[in-house]
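Asker: Here it is, the structure, as structure tokens.
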Amino acid sequence: MTEFVLRIFFSGLIAILPDANGTEVTVLAVNTPHEYSLADGATLPHHTPFIITRAANCLGDCGTEDRPSIATFLYRNQPPQQAAAALNGALQGGGAWHLSGSDLTLIGPTGPLSIRNDVRGQTETGTLQLVPTTPAEREDITWVASLPELAPGTEGFKAAVTGSAAPPEELVAARLKLSGGNMYTYALAKIDGKARPTHFRKPSGEGPAASYAQALATWVAVDIRVAGSFVELVEKSFADGTQRRSMKLYPQEGLVEMAILNLPPYETPAPNAEAPLPLPGQHFQVYYDLVKTVPEPSERLVPFTTTPTASEPQVDWATLHPRQAMWSDLLEQINLSPRGKAPYDLSLCPIVRNDQP
């Protein structure tokens, strides 16, 4: 029997929820209303959740109707016809879907699930390192920001979000449950070419920084070995559980690539702009809508790109993300490779995890 690798990338407003015994992970694309108001009254740009796949061939509902809008989202500076051609080149024979109230299931992969959480180094005093020093250490899943550790008073995610029933669509745009594969941190936030600790403060920037500080994951990946000639992705409706569509994906040179992304539109900054709007890190406020005890908007701790102190570690970002190991034809083709000059480098919109049952 043939076998191939399914590699899935996650980035943007994404929450990861491992279960208590580590046999299943739920991945959520967090919903953002079009007029979402931040603590300072600014409107958060709507994040668009979608899935794209690169494969040798796709059979079924491969998203022909969704491709034009996804293409213009990813290639905003190109005319629609050129954007469509660029997307088709990135997908090869794969597919693309917008996600809304989407319960996603993979048919084909089998367990077990491995979450890489034992390669993060420690300091001489026995505390966890704030920044990895090797590419292997970078892969530890604990670089994904832990909301329970950052804000323990929020008491973890709502039961409606973590339960087996469909989550509320006003909070969650899509859900994928994984029970097999190797999950790891794919890329860290790049700040001035470095991987360094990110600090959390109130959205205003006032007051002391939280004690929780570390390098933060902006991309997570999972590698899944699939026995057979294809993997099938099925989308069902949160509302009634009915199947909407499915696609069968066939590998190209032993690999199918898939990316679940939940990103704001990229607007080219004005010539004199110092940073994109809203300011970096403010997207993080949305995650607090998922928790049991929701803090006031002005009290929601968010990441800030502050000037590092002399005592804080920082490591060359490229050293931790070697080109050969990080290569992805899909991400390169859509101009979102973490190793390139990606448009979202300055937005600081890290993934979060919730390890509380």
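The values are calculated or read from the model by the stated rules, or taken from the named source; none is laboratory data. Computed from a prediction, not measured in an experiment: that's the story for all the values here. Positions of Cβ are generated from backbone atoms using ideal geometry, with glycine treated the same way; all protein chains shown enter the neighbour counts.
Asker: Can you pull out every residue in the stretch 275-333 that is assigned to a loop (DSSP other than H, G, I, E, B) and either under 30 Å from residue 253 (Cα atoms) or polar (S, T, N, Q) (or both)?
Answerer: Those that are assigned to a loop (DSSP other than H, G, I, E, B) and either under 30 Å from residue 253 (Cα atoms) or polar (S, T, N, Q) (or both): 293, 305, 306, 307, 309, 311, 314, 321, 322, 327, 328.
Residue-by-condition table, conditions (1) within 24 Å of residue 170 (Cα to Cα); (2) modelled with pLDDT under 95; (3) not charged (D, E, K, R):
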residue: 215; (1), (2), (3): no, no, yes
residue: 231; (1), (2), (3): no, no, yes
residue: 234; (1), (2), (3): yes, no, yes
residue: 254; (1), (2), (3): no, no, yes
residue: 260; (1), (2), (3): yes, no, yes
residue: 265; (1), (2), (3): yes, yes, yes
residue: 272; (1), (2), (3): no, yes, yes
residue: 285; (1), (2), (3): yes, no, yes
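Asker: Shifting gears a bit: Could you run through the stretch 175-203 and say how many residues are over 28 Å from residue 161 (Cα atoms) and either outside any strand (DSSP E or B) or within 18 Å of the chain's Cα centre (by Cα) (or both)?
Answerer: The number of residues fulfilling the criteria is 7.
Asker: How about the stretch 200-219: which of its residues are surrounded by fewer than 21 Cβ atoms within 10 Å (Cβ to Cβ), of a type outside the set (Phe, Trp, Tyr) and within 30 Å of residue 340 (Cβ to Cβ)?
Answerer: Once the filter is applied, which keeps residues that are surrounded by fewer than 21 Cβ atoms within 10 Å (Cβ to Cβ), of a type outside the set (Phe, Trp, Tyr) and within 30 Å of residue 340 (Cβ to Cβ), the stretch 200-219 yields 201, 205, 213.
Asker: Would the stretch 95-106 turn up any residue that is touching a residue at least 60 places away in the same chain (Cβ under 8 Å) and either within 19 Å of residue 20 (Cα to Cα) or over 22 Å from the mean Cα position of the chain (by Cα) (or both)?
Answerer: So in the stretch 95-106, the residues touching a residue at least 60 places away in the same chain (Cβ under 8 Å) come out as 95, 97, 99-106.
If we keep only those that are either within 19 Å of residue 20 (Cα to Cα) or over 22 Å from the mean Cα position of the chain (by Cα) (or both) as well, we get none.
Within the stretch 95-106, none of the residues are touching a residue at least 60 places away in the same chain (Cβ under 8 Å) and either within 19 Å of residue 20 (Cα to Cα) or over 22 Å from the mean Cα position of the chain (by Cα) (or both).
Asker: May I ask you to list the residues in the stretch 20-45 that are out of contact with any helix residue (DSSP H, G or I) (no Cβ under 9 Å at 6 or more places or on another chain), surrounded by 15 or more Cβ atoms within 10 Å (Cβ to Cβ) and not in a strand (DSSP E or B)?
Answerer: 24
Asker: Just a yes or no: is a residue in the stretch 52-60 part of a loop (DSSP other than H, G, I, E, B) and not aromatic (Phe, Trp, Tyr)?
Answerer: So far as the stretch 52-60 goes, yes, one or more of its residues are part of a loop (DSSP other than H, G, I, E, B) and not aromatic (Phe, Trp, Tyr).
Asker: Additional query: Would you point out which residue out of 67, 54 is basic (Lys, Arg), without any contact (Cβ under 8 Å) to a residue 40 or more places away in the chain and crowded, with 19+ Cβ neighbours inside 10 Å? Even if it seems obvious, please write down each step before you answer.
Answerer: On the way: 54 fails: without any contact (Cβ under 8 Å) to a residue 40 or more places away in the chain.
Exactly one residue qualifies, and that residue is 67.
Asker: Please return the ranges of helices (runs of 4 or more DSSP H) entirely within the stretch 119-163 where 2 or more residues are loosely packed, with under 14 Cβ neighbours inside 10 Å and at positive phi. So that I can check it myself, show each step before the final result.
Answerer: On the way: elements: 135-138, 147-150, 159-162.
Where helices (runs of 4 or more DSSP H) fall fully within the stretch 119-163, none carries at least 2 residues being loosely packed, with under 14 Cβ neighbours inside 10 Å and at positive phi.
Asker: Identify the residue in the stretch 164-174 that is touching a residue at least 60 places away in the same chain (Cβ under 8 Å) and surrounded by fewer than 21 Cβ atoms within 10 Å (Cβ to Cβ) and, among all such residues, is nearest to the chain's Cα centre (by Cα).
Answerer: 171
Asker: Does the stretch 291-306 contain any residue that is polar (S, T, N, Q) and farther than 30 Å from residue 162 by Cβ?
Answerer: Scanning the stretch 291-306, I find at least one residue that is polar (S, T, N, Q) and farther than 30 Å from residue 162 by Cβ, so the answer is yes.
Asker: For the stretch 77-87, what are the residues that are at pLDDT 95 or above, exposed (fewer than 15 other Cβ atoms within 10 Å of the Cβ) and either under 24 Å from the mean Cα position of the chain (by Cα) or under 23 Å from residue 237 (Cβ atoms) (or both)?
Answerer: None; the set is empty.
Asker: Of all residues in the stretch 303-342, count the ones that are surrounded by fewer than 20 Cβ atoms within 10 Å (Cβ to Cβ) and touching a His at 6+ places or on another chain (Cβ under 7 Å).
Answerer: Number satisfying all stated conditions: 3.
Asker: Scan the stretch 77-84 and give yes if some residue there is part of a loop (DSSP other than H, G, I, E, B), in contact (Cβ under 8 Å) with a residue 12 or more places away in the chain and under 19 Å from residue 260 (Cβ atoms), otherwise no. Before the answer, list the steps.
Answerer: Quick first cut of the stretch 77-84, residues part of a loop (DSSP other than H, G, I, E, B) only: 77-79.
Next, only the ones that are in contact (Cβ under 8 Å) with a residue 12 or more places away in the chain stay: 77.
From what's left, under 19 Å from residue 260 (Cβ atoms): none.
Taking every residue of the stretch 77-84 in turn, none turns out to be part of a loop (DSSP other than H, G, I, E, B), in contact (Cβ under 8 Å) with a residue 12 or more places away in the chain and under 19 Å from residue 260 (Cβ atoms).
Asker: If you scan the stretch 320-343, which residues turn out to be closer than 19 Å to residue 193 by Cβ and without any contact (Cβ under 8 Å) to a residue 12 or more places away in the chain?
Answerer: Scanning the stretch 320-343 gives 337, 340, 341, 342.
Asker: Still on this structure, I have one more. For the subset of the stretch 188-197 comprising residues that are closer than 24 Å to residue 29 by Cα and in contact with a Phe, Trp or Tyr (Cβ under 7 Å, 6 or more places away or on another chain), which member is surrounded by the most Cβ atoms within 10 Å (Cβ to Cβ)?
Answerer: The residue in question is 188.
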